[in-house]
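**Q** Below you will find the structure I want to go over with you.
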Amino acid sequence: TFDVSPNPSTDGHFKLNARFVKMAESRLNIYDLNGRLLKTKGFDVASSINYQDELLNNGVYLLELHTRRTKMTRKLIVQINE
């Protein structure tokens with residue numbers, strides 16, 4: 001499983017929670033809708049990930065979580081209320 005919350009984010013902060021059937025090394029890539037890579041975060045071998053971050057510009061982002069066997073993608077909407 002791979003969940004991102006809150007979605008939409010109204011202050012730019014979000015949490016990512018992922019669980020794997022088998023322990024795995026993983027990598028998170030965050031892209032804007034133009035396909036530009038904004039951030040990369042690597043994770044050691046684990047059966048779950050709990051990660052917090054922030055994106056400070058309004059927009060739609062793609063969060064890709066890669067392991068050796070899978071690639072999962074979630075969309076995150078950031079609508080910061082000013």
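**Q** Any residue in the range 58-76 that is farther than 14 Å from Arg27 by Cα sitting within a Cβ distance under 7 Å of a residue that is outside any strand (DSSP E or B) and not hydroxyl-bearing (Ser, Thr, Tyr)? List the pairs, counting only those 6 or more apart or interchain.
**A** Asn58/Gln79; Asn58/Ile80; Gly59/Leu33; Val60/Leu33; Tyr61/Leu55; Leu76/Asn7
**Q** Within the range 1-14, can you find the residues that are over 20 Å from Thr70 (Cβ atoms) and either touching a residue at least 12 places away in the same chain (Cβ under 8 Å) or part of a strand (DSSP E or B) (or both)?
**A** Ser5, Asn7, Pro8, Ser9, Thr10, Asp11, Gly12, His13, Phe14
**Q** Which one is surrounded by the most Cβ atoms within 10 Å (Cβ to Cβ), of the residues in the range 28-57 that are outside any strand (DSSP E or B) and either hydrophobic (A, V, I, L, M, F, W, C) or touching a helix residue (DSSP H, G or I) at 6+ places or on another chain (Cβ under 6 Å) (or both)?
**A** It comes out as Leu55.
No value in this document is a laboratory result; all are computed from the given coordinates. Computed from a prediction, not measured in an experiment: that's the story for all the values here. So basically every Cβ, Gly included, is an ideal-geometry build from the backbone, and we count neighbours across all protein chains shown.
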